[in-house]
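The values are calculated or read from the model by the stated rules, or taken from the named source; none is laboratory data. If you're wondering where the values come from, they're calculated on a predicted model, not measured in any experiment. Using ideal geometry, Cβ is built from the backbone for each residue, glycine included, and neighbour counts are taken over all protein chains shown. Heads up: the accessible areas ignore ligands, DNA and RNA and are worked out on the full protein's heavy atoms, side chains in. Shrake-Rupley method; radii C 1.70, N 1.55, O 1.52, S 1.80 Å.
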Amino acid sequence: MDDEFAKLVRRVNQPRVVIDNNACEDATVIQVDSVNKHGILLEVVQVLTDMNLTITKAYISSDGGWFMDVFNVVDNDGNKIRDKEVMDYIQSSVLQRIETSAGFVPSRRGSVGVMPAEEHTSIELAGTDRPGLLSEVCAVLADLHCNVVNAEIWTHNARAAAVVHVTDDSMSCAISDPKCLSMIKELLCNVLKGSDDLKTAKTTLSAPGVMHRERRLHQIMFADRDYERVEKAGVRAVEEGSSRPQVTLLNIEKDYTVVTMRSKDRPKLLFDIVCTLTDMQYVVFHGMVNTGRIEAYQEFYIRHVDGLPISSEAERVRVIQCLEAAIERRASEGLELELCTDDRLGLLSDITRIFRENSLCIRRALISTKGGKAKDTFYVTDVTGNPVDPKIIDSIRAQIGHTALQVKCNSSLAPKLPHQETTMGHFFGNLFKARTFQNFKLIRSYS
């Protein structure tokens, strides 16, 4: 009876997505209303971030079984979304994700974000980070005639994770030969095993399906416990003080745990936070996001899926560590280099070898190919984590080609967060004691 009643509620209350360019002077406002289900917030945020939209403000409310969220978004240039086709695509994509997640239509797969990918084989890697690691991985793949069509590599807290999509170079399709797959896994595991690594290196092959790549990277690094901070001799420690994210937790009236986060603003920050909370089995019941020119402030009222707030000191510490890691993993560290050139087998191996030979350390990388062209972005430092000598960059560009390799920006020169106490703490105050959408809507209108 409960299942039938839930189905009736969903049929009567169809999800709704409203896009408004008149409600806010400097952003497009997207309002989403739907029956609530764990994971819907992540689905909506994922759609917006996958379209490279920047969420400047957000108001979240999902109490009482209903999901009512408002997002202020702009494009990469900081402008409103005015293209009718883009607006229609946003609306249809969000509705489709909501309907699939909430059970309006049957899902093709059991996991959120899993999509078919018949054209490539997905390789997942996890291990200890070290200078030249990506170069060694790419050399192995090139020797096995695996063409890297796209990839994303993250490093954090002496750990490295990657999701790499490859094809058989001779057939330009997913690799199906069991012997070849076994050889790839064996050789990559050997590369990932560090001589002093107490943790087990992991290599996973999957075809044809693969989860949303960025969410999968968060899961890989979380499983590898990268949130446990380590210090190594000779390696620059993560910047202390104002550049570190500030995360605090406080329980109120045994109803919610209030999570407040203050950090440098950057693209996809909200996705990274919501992704981590969702995968840790926490539900965001209410929240707000406010971003400025430099910093972002986020405040969420959460409970575990069992309905309870955070109840122990060990759990509190773990949540803080995991949220700090989620914020830091994608933070752009070092000099940004962009490679645009014709794609070919072994290109990535050659580029990363040149980086290694010039003592560059790749902190993060995004690899993509389209129409025979490679467009790769690398964030690099020297082996100690310090800025790269400009003379070395000039030498590398001379080897690769000045037009092919461009210097984009140096994140180490970005302004630091000011030293000040957060004045926006508990923005909602006693707002949720009444737990009515009318009160929440009133606060939104004055924000």
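Points worth noting:
- For GluC sites (Glu not before Pro), the sites in region 8-92 that DSSP calls loop and that have at most 15 other Cβ atoms within 10 Å are GLU25.
- Residue-span extension gain [ASP143 to SER182] - 0.36 nm each, minus C-alpha spacing: 12.6 nm
- Proximal aspartates and glutamates relative to LYS193, as straight alpha-carbon distance under 13 Å, when same-chain residues fewer than 8 apart are discounted: ASP129, GLU136
- Computed FRET value (nearest 0.05) for TRP66 with THR248, which takes r as the C-beta separation and R₀ as 41 Å: 0.90
- Global form of region 1-101, assessed from the alpha-carbon gyration tensor, a/c cut-off 1.5: prolate
- Neighbourhood charge, 15 Å Cβ-Cβ cut-off, centred on HIS402 and excluding it, Lys, Arg +1 and Asp, Glu -1: +1
- The accessible area of ILE153, taken with all protein chains in place and a 1.4 Å probe, comes to roughly 20 Å².
- In percent, rounded to a whole number, the relative contact order of region 246-329 is 36, using alpha-carbon pairs under 8 Å and six or more apart.
- Sites LYS84 and LYS408, calculated FRET efficiency, Cβ-Cβ separation with R0 35 Å, nearest 0.05: 0.65
- Residue by residue, region 331-344 carries 3J(HN,Hα) couplings of 4, 6, 9, x, 8, 8, 10, 10, 9, 10, 6, 5, 7, 7 Hz when phi is fed to the Karplus relation 6.51 cos²θ - 1.76 cosθ + 1.60 (θ = phi - 60°); x denotes Gly or Pro.
- Sites ASP394 and ARG293 - FRET efficiency at Förster radius 25 Å, r taken between beta-carbons, to 0.05: 0.20
- Take the Cα of GLN31, go 7 Å toward its beta carbon, and the backbone nitrogen atoms of region 47-74 under 19 Å from that spot belong to 56-74.
- Entry note, region 1-101: relative contact order of 31 percent, from Cα contacts under 8 Å with a spacing of 6+ residues.
- Histogrammed with a bin width of 10 Å, the alpha carbon distances of region 293-367 distribute as 12, 30, 21, 18, 15, 3 percent, first bin at zero.
- Virtual paramagnetic centre 7 Å along Cα→Cβ of ASP350, amide N under 17 Å, in region 378-393: none
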